[in-house]
Structures are given as structure tokens and as C-alpha cells.
Amino acid sequence: MKKVVLFMSVMLLSVMTASAKNKEVTLKSGDPTVLNQPGKTAVFTFDYTNTICEGKPLQKYLADRGEKNVKDWPQECQETEDNYFMERWNDESKKSITLVKSGTADYKVIVHVDKLDLGSTAVAMFVPTFSRKTGACEVSGTVDVIDQKTGKTVCVFEISKLRGVATRAFEVASSETRRRGLTYKKMAQLILEFAQKQK
């Protein structure tokens, strides 16, 4: 009897964990299967216009940390967006549309970053577990998919408290840019997995 109860408890915990993970990326509106078009392309951009970073408007947050942070931000964004988000997304190009940096494309993908917590390298190094408090970057916002021919938004995803924690502690405890990159990488993966499951 105890074994049955223990088994049921483990199964319930597994279901709850899976459910919690699924809530990181949800469909807000539209048809996500529009992404399941290999051969089609989309230009993409990240929008930080209204980003609140750790309780402050992003530019104030960066300025409060010093001029170097303001200066380095654009380059760090390019690295995380190109080398993590776009690269992971395009790993699925045989099943999905391909992201491109510029030029003529069928769609536009806009990632609106509403809330951003960049985490802490120091904390991550000393407490290498899997919560945001141990250093992982966390992001919330929306992702719009726009048909370039019509200008209409065909799909919107909701991103909620998505944490890009890797399975190896050294990756969590690495640089702030890498931690943000891991979060963007996971975002791309979960969006495409969501779309592909809708077939």
C-alpha cells in the first residue's frame, strides 16, 4: 500500500512539474502552426522599449550599474539574440520557418521583453540549484508573429517567468550574457515545440 501511495505521489509530482513547465510558453491568440512552414522565413527583433529589469525601467537599471553597462548592452543583446535565440530556432528549420537578420521575409517575429531578471553570477556559483534565486535569468513578455504581406498579427505567444537554467551548474554560474542567452535559447525551443505539437 505504501508503495502504491509513493508511486502515485511521484506521478502526481511529475504531472505538476510538466504542467508548470508548459505554463512558461502559452498561446495568447492566433494560430501557432503558422510557424510549421519549412522554407518560409521571418525577420526577428527583440523589443526592450517597456522592459522592467529587476524593478526598474531598463535604461535606469543599466545607468545605475554604470556607464560600461549602458555601453555594452547593445553588443550583449546581439550576442544573446543571434547566438542563442536565432541559432536554437534555426536548428529546427527542417520543421519550421527560418529566422533571418534582414532582407525580404514572409513573416516578422517580435519578442517584447516586459520583465527581465538577469540573475546573479555570485549566487549561482555558491548555490548551484535550479531556481531563479540561484542566478538564472528570468524573462516574461510576448512574442508576436506578423504576416509581412498583410501586416496582420497571426499569432501571439505569452512568455511567463521563463528561466533558462541548464543542467550543468557551471552554465548557470557563468556570465550574465550567457545566462540570458540560455533563457532566450530555451524560449526559442519551447515556442517551436509548442507549435509543432499543434499539428
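If we only count helices (runs of 4 or more DSSP H) wholly inside segment 100-199, which ones have 3 or more residues that are on the phi < 0 side of the Ramachandran plot and at pLDDT 95 or above? Even if it seems obvious, please write down each step before you answer.
Values: elements: 121-126, 169-172, 176-197.
Result: 176-197.
If you scan segment 85-119, which residues turn out to be basic (Lys, Arg) and in contact with a strand residue (DSSP E or B) (Cβ under 6 Å, 6 or more places away or on another chain)? Steps first, please.
First, pick out the residues of segment 85-119 that are basic (Lys, Arg): 88, 94-95, 101, 108, 115.
Result: Lys108, Lys115.
Scan segment 43-61 for residues that are on the phi > 0 side of the Ramachandran plot and either in contact (Cβ under 8 Å) with a residue 24 or more places away in the chain or assigned to a strand (DSSP E or B) (or both) and the total you get is 1.
Which residues, taken from segment 39-70, are among the aliphatic types (A, V, I, L, M) and under 21 Å from Lys152 (Cα atoms)? Talk me through it step by step, then tell me what you get.
Residues of segment 39-70 among the aliphatic types (A, V, I, L, M): 42-43, 52, 58, 62-63, 70.
Within segment 39-70, Ala42, Val43 qualify.
Residues in segment 19-42 that are open to solvent by 60 Å² or more (accessible area, probe 1.4 Å), in a strand (DSSP E or B) and either of a type in the set (A, V, I, L, M) or touching a Leu at 6+ places or on another chain (Cβ under 9 Å) (or both): Leu27 alone. Considered as a group, the residues in segment 47-70 that are of a type in the set (Ser, Thr, Tyr) and surrounded by 14 or more Cβ atoms within 10 Å (Cβ to Cβ) include one that is nearest to Glu81 (Cα to Cα), and that residue is Tyr48. Within segment 65-117, the residues that satisfy the criterion of being within 16 Å of Asp47 (Cα to Cα) and of a type in the set (Lys, Arg) are Lys101, Lys108, Lys115. Looking only at segment 85-99, filter to residues that are out of contact with any Ser or Thr (no Cβ under 8 Å at 6 or more places or on another chain) and part of a helix (DSSP H, G or I); which one of those is least open to solvent (accessible area, probe 1.4 Å)? It comes out as Phe85. Quick one: is Val15 β-branched (Val, Ile, Thr), modelled with pLDDT of 90 or more and under 18 Å from Leu190 (Cα atoms)? When the stated conditions are applied, Val15 does not pass them.
The values are calculated or read from the model by the stated rules, or taken from the named source; none is laboratory data. Note that the coordinates shown come from a computational prediction; the quantities given were computed from them, not determined experimentally. Note that each Cβ is placed from the backbone with ideal geometry, even for glycine, and that neighbours are counted across all protein chains shown. Ligands, DNA and RNA are excluded from the accessible area calculation, which covers all protein heavy atoms including side chains. Shrake-Rupley method; radii C 1.70, N 1.55, O 1.52, S 1.80 Å.
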